[in-house]
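The values are calculated or read from the model by the stated rules, or taken from the named source; none is laboratory data. Remember, predicted model here, so these are calculated numbers, not experimental data. Cβ: placed from backbone, ideal geometry, glycine included. Neighbour counts: every protein chain shown.
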Amino acid sequence: MPYQKILDTISSEASKSKERGEVANYIPELSKISDQKFGIALLDEQGHLFESGDTHEQFSIQSISKVLALSLAFRLLGDEVWKRVDVEPSGDPFNHLSLLEQENGIPRNPLINAGAIVVSDILVSQLQHPKKEFLQYVRKIANDPSIAYDEQVAKSEKRTGFKNYAAAYLIKSYGNLENDVEEVLDFYFYQCALSMSCQQLVKVFYIFANRGKCLQNNPYLSLAQVKRINALMLTCGFYDEAGEFAFEVGLPGKSGVGGGIVALLPEKFCVATWSPGLNTKGNSKLGMEALEKFTTKTGLSIF
Ligand code: GLN
């Protein structure tokens, strides 16, 4: 497959695009990023890396981190995780609270904010030094000790993340949060503030395309665990646009309000895009368009 040529074509079309969406500004620190950035990187099943555009520049991965936190919680707690959080798409925006009340504090899935806050609570209970150990886990998978949190972004969200405070207190009121709201959200905001580039993201997410094993062939997840996490990415990875992403792109994936998207075809490849302008549902506008072009041009999707 001529991946390099395809990525270069997509990247050059994206760089000419006038309609680039809106950069997120509800986390003030994110609004400082230029909407002119675009990068796309792909790691194939043999570990060959292809890239085009701004693929080495790090950005805030935001909700993409929810998949990584879930994978660590799943490793530590196994199927017990599903007693605390459900596995159904919400059909709602990522920060909605209404279903939480209707469903007694059990979030619909671990990839919306409420669900990720419960996963953060699990990690705060399970780990002695949650922020340090989570970062070590991600660095180890990527085999890259340079990956770090962006303190400015974490602090910026801590000052303005009122809806996440509301969600956490609501969950706590239903008895589904073991630790203090402040402690859980401190971890959650740092987790979301992980900085990574497209080429680092494909290395980390390679484990979900490679039956749970990283590029160095070390096992992190069982095949059954990878199957479940990929299913969640397909059905819940894009909030109320999960159907649209499956329809247009046809891959399990996850987006973040920093403008990143990562998607994969099991046993074939892992691909990441970055373009900070978001569509009205909070997903990267050019990233979604790029991935639609990619699966259409290559004919490679899970369908
Ligand atoms: N940290 C962001 C929030 O909690 C993550 C949202 C996202 O990337 N969709 O609002």
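In summary, helices (runs of 4 or more DSSP H) completely within the range 205-303 and bearing 3 or more residues that are more than 20 Å from residue 89 (Cβ to Cβ) occur at 285-298. I'd like to check something: does the range 108-115 contain any residue that is at pLDDT 95 or above and either away from the ligand (no atom under 16 Å from the Cβ) or within 17 Å of residue 272 (Cα to Cα) (or both)? Scanning the range 108-115 turns up no residue that is at pLDDT 95 or above and either away from the ligand (no atom under 16 Å from the Cβ) or within 17 Å of residue 272 (Cα to Cα) (or both).
Per the listing 225, 200, 216, the residue uniquely surrounded by fewer than 14 Cβ atoms within 10 Å (Cβ to Cβ) and away from the ligand (no atom under 16 Å from the Cβ) is 216. Listed by first and then second residue, the pairs linking a residue in the range 29-43 that is under 19 Å from residue 199 (Cβ atoms) to a residue that is acidic (Asp, Glu) and buried (at least 16 other Cβ atoms within 10 Å of the Cβ), with Cβ atoms under 6 Å apart and 6 or more places separating them unless they lie on different chains, are 37/54; 39/54; 41/51.
Of all residues in the range 55-82, those that are more than 16 Å from the ligand (Cβ to nearest atom) and within 27 Å of residue 259 (Cβ to Cβ) total 7.
Give me a count of the residues in the range 94-140 that are under 17 Å from the mean Cα position of the chain (by Cα), aliphatic (A, V, I, L, M), under 20 Å from residue 186 (Cβ atoms) and part of a loop (DSSP other than H, G, I, E, B). The qualifying residues number 1. Would you say residue 102 is away from the ligand (no atom under 11 Å from the Cβ), without any contact (Cβ under 8 Å) to a residue 40 or more places away in the chain and more than 21 Å from residue 71 (Cα to Cα)? Yes: the conditions hold for residue 102. The set of residues in the range 260-284 being within 27 Å of residue 214 (Cβ to Cβ), of a type outside the set (Phe, Trp, Tyr) and away from the ligand (no atom under 11 Å from the Cβ) consists of 262, 263, 264, 265, 266, 267, 268, 270, 271, 272, 273, 275. Name the single residue, out of those in the range 133-153 being under 28 Å from residue 28 (Cβ atoms) and without any contact (Cβ under 8 Å) to a residue 24 or more places away in the chain, that is surrounded by the most Cβ atoms within 10 Å (Cβ to Cβ). Once the filter is applied, the top-ranked residue is 139.
Do we find a residue being surrounded by 15 or more Cβ atoms within 10 Å (Cβ to Cβ), of a type in the set (A, V, I, L, M, F, W, C) and over 21 Å from the mean Cα position of the chain (by Cα) anywhere in the range 30-51? Checked against the condition, which is being surrounded by 15 or more Cβ atoms within 10 Å (Cβ to Cβ), of a type in the set (A, V, I, L, M, F, W, C) and over 21 Å from the mean Cα position of the chain (by Cα), the range 30-51 yields no hits at all. Can you find a residue that is loosely packed, with under 14 Cβ neighbours inside 10 Å and either touching a residue at least 12 places away in the same chain (Cβ under 8 Å) or within 30 Å of residue 122 (Cβ to Cβ) (or both) anywhere in the range 61-75? Scanning the range 61-75, I find no residue that is loosely packed, with under 14 Cβ neighbours inside 10 Å and either touching a residue at least 12 places away in the same chain (Cβ under 8 Å) or within 30 Å of residue 122 (Cβ to Cβ) (or both), so the answer is no.
Taking (1) of a type outside the set (Ser, Thr, Tyr); (2) free of Cβ contacts under 8 Å to residues at least 40 places away in the same chain; (3) in contact with a helix residue (DSSP H, G or I) (Cβ under 7 Å, 6 or more places away or on another chain); (4) within 15 Å of the ligand (Cβ to nearest atom) in turn, residue 287 satisfies each apart from (3). Remark: residue 92 falls outside the filter, which requires a residue to be within 16 Å of the ligand (Cβ to nearest atom) and crowded, with 23+ Cβ neighbours inside 10 Å.
In summary, residue 130 fulfils each of the numbered conditions (1) of a type outside the set (A, V, I, L, M); (2) more than 13 Å from the ligand (Cβ to nearest atom); (3) surrounded by fewer than 20 Cβ atoms within 10 Å (Cβ to Cβ) with the single exception of condition (3).
Report, by residue number, each residue of the range 228-259 that is hydrophobic (A, V, I, L, M, F, W, C) and within 16 Å of the ligand (Cβ to nearest atom).
Here is the first cut: in the range 228-259, the ones hydrophobic (A, V, I, L, M, F, W, C) are 229, 231-234, 236, 238, 242, 245-247, 249, 251, 257.
Passing the criteria: 232, 233, 236, 238, 242, 245, 257.
Within the range 4-16, residues that are in contact (Cβ under 8 Å) with a residue 40 or more places away in the chain reach partners that are crowded, with 20+ Cβ neighbours inside 10 Å and assigned to a helix (DSSP H, G or I) with beta carbons closer than 8 Å, at six or more positions or on different chains, in the pairs 6/294; 7/294; 10/290; 10/294; 11/290; 14/286; 14/289; 14/290. Residue check: is residue 39 touching an Asp or Glu at 6+ places or on another chain (Cβ under 8 Å) and closer than 27 Å to residue 216 by Cα? For residue 39, the condition - touching an Asp or Glu at 6+ places or on another chain (Cβ under 8 Å) and closer than 27 Å to residue 216 by Cα - is met.
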